[in-house]
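Worksheet: the structure to be examined is printed underneath.
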Amino acid sequence: MVEELKQKIRDIPDFPKKGILFKDITTLLSDAEAFSRAVDLIAERYRDKKIDSIVCIEARGFIFGGALSYRLGTGLIPVRKAGKLPYKTYKATYELEYGTDTLEIHQDAIQPGQRVLIIDDLLATGGTTNAVANLVRQLEGEVVELAFLIELTFLEGRKKLIDYEVFSLIKF
Ligand code: AMP
C-alpha cells in the first residue's frame with residue numbers, strides 16, 4: 001500500500017536549486033484515493049494517542065495537518081513563515097537543505113501540557129521540524145511525535161531530532 005503511494009510522488013531534478021531532487025507531492029494529492037489513503041494511514045497511528053492539537057508547517061504541512069486534525073478531532077495550529085501571523089508570535093530561524101528561513105507561532109497557540117503532534121510533508125535535514133519542536137516546547141506543549149509523509153533517509157534528519165519520536169510513512 002505504501003509502495004503504491006511512493007510511486008505517486010514525482011521527482012523534479014534541480015528544483016528549486018541545482019543539485020536538489022525535489023519530491024513533488026502534487027501528483028499524490030491530485031489522486032483522490034492516494035491522498036485519502038495517505039491521510040488515513042497517518043491518522044491510524046495517532047487515533048489512541050490523545051492528541052490535543054496538530055502543529056503543521058507552512059505550506060505543504062498545512063495540507064496534511066488540516067486533513068489529519070479533521071480526521072482525529074483535534075485542534076490545528078499553523079506555524080507560518082515570518083510576517084504572516086497577525087497576533088504576537090515567537091520566532092525560530094533555522095537552516096534548510098537549501099538556504100535559511102524563519103518560522104513563527106502564535107504565543108498563545110498551545111496551553112501548557114497540551115499533547116501536540118507536529119506534521120510536515122517531508123523530512124530532509126530535520127532543521128525545520130527541530131525549530132518547530134523547539135517552539136512547541138517554548139510554549140510548554142508536549143511533543144508526542146513528529147510525523148512526515150516522506151523521509152529522505154540519506155540526509156539523516158533523525159539525528160537532529162534525537163530528542164523526539166519520529167514517524168514517516170514513505171522513505172526514500
Ligand atoms: P529540512 O528542514 O531540511 O528537513 O527540510 C524540510 C522542509 O523543506 C520541508 O518543509 C520540505 O517541504 C522541504 N524540502 C526539503 N527538501 C526537499 C525535497 N528534496 N523535496 C521536497 N521538499 C523538500
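Quick check: is even one residue across the stretch 49-63 farther than 16 Å from SER168 by Cα and in contact with a Cys (Cβ under 7 Å, 6 or more places away or on another chain)? Within the stretch 49-63, one or more residues are farther than 16 Å from SER168 by Cα and in contact with a Cys (Cβ under 7 Å, 6 or more places away or on another chain).
Taken over the stretch 137-146, the residue count meeting the criterion of being within 23 Å of GLU44 (Cα to Cα) and more than 13 Å from the ligand (Cβ to nearest atom) is 5.
Put simply, of PRO86, PRO78 the only residue that is touching a His at 6+ places or on another chain (Cβ under 9 Å) and within 25 Å of PHE15 (Cβ to Cβ) is PRO78. Of the residues screened, ALA124 is one that is free of Cβ contacts under 8 Å to residues at least 40 places away in the same chain and within 16 Å of the ligand (Cβ to nearest atom).
Within the stretch 147-161, being more than 10 Å from the ligand (Cβ to nearest atom) and surrounded by 21 or more Cβ atoms within 10 Å (Cβ to Cβ) holds for one residue alone: ALA147.
Would you tally the residues in the stretch 5-31 being modelled with pLDDT of 95 or more and either among the basic types (Lys, Arg) or in contact with a helix residue (DSSP H, G or I) (Cβ under 7 Å, 6 or more places away or on another chain) (or both)?
Start the filter on the stretch 5-31 by keeping residues that are modelled with pLDDT of 95 or more, which leaves 5-15, 21-31.
The next check asks that each one be either among the basic types (Lys, Arg) or in contact with a helix residue (DSSP H, G or I) (Cβ under 7 Å, 6 or more places away or on another chain) (or both); those that pass are 5-6, 8-10, 23, 25, 28-29.
Number of matching residues: 9.
All of (1) more than 25 Å from ASP11 (Cα to Cα); (2) open to solvent by 40 Å² or more (accessible area, probe 1.4 Å); (3) hydroxyl-bearing (Ser, Thr, Tyr) hold for TYR164 with one exception: (2).
I'm trying to understand the selection: among the residues of the stretch 93-116, which are away from the ligand (no atom under 16 Å from the Cβ) and in a strand (DSSP E or B)? Spell out how you get there, then give the answer.
Filtering the stretch 93-116 for residues away from the ligand (no atom under 16 Å from the Cβ) gives 106-116.
Passing the criteria: HIS106, ARG115, VAL116.
Is at least one residue of the stretch 125-139 open to solvent by less than 20 Å² (accessible area, probe 1.4 Å) and in a strand (DSSP E or B)? For the stretch 125-139, residues open to solvent by less than 20 Å² (accessible area, probe 1.4 Å) and in a strand (DSSP E or B): absent. Given the criteria under 19 Å from VAL166 (Cα atoms) and modelled with pLDDT of 95 or more, does LYS88 qualify? Judged against the criteria, LYS88 is not a match.
Can you name every one of the helices (runs of 4 or more DSSP H) wholly within the stretch 1-92 that holds 1 or more residues which are within 16 Å of the ligand (Cβ to nearest atom), open to solvent by less than 70 Å² (accessible area, probe 1.4 Å) and in contact with an Asp or Glu (Cβ under 6 Å, 6 or more places away or on another chain)? Can you show your working first?
On the way: elements: 2-6, 26-29, 32-46, 60-72.
Of the helices (runs of 4 or more DSSP H) lying wholly inside the stretch 1-92, those with at least 1 residues that are within 16 Å of the ligand (Cβ to nearest atom), open to solvent by less than 70 Å² (accessible area, probe 1.4 Å) and in contact with an Asp or Glu (Cβ under 6 Å, 6 or more places away or on another chain) span 60-72.
The values are calculated or read from the model by the stated rules, or taken from the named source; none is laboratory data. Just so it is clear, the model here is predicted, and its values are computed rather than measured. Using ideal geometry, Cβ is built from the backbone for each residue, glycine included, and neighbour counts are taken over all protein chains shown. SASA here: full protein model, heavy atoms, side chains in, ligands and nucleic acids out. Shrake-Rupley method; radii C 1.70, N 1.55, O 1.52, S 1.80 Å.
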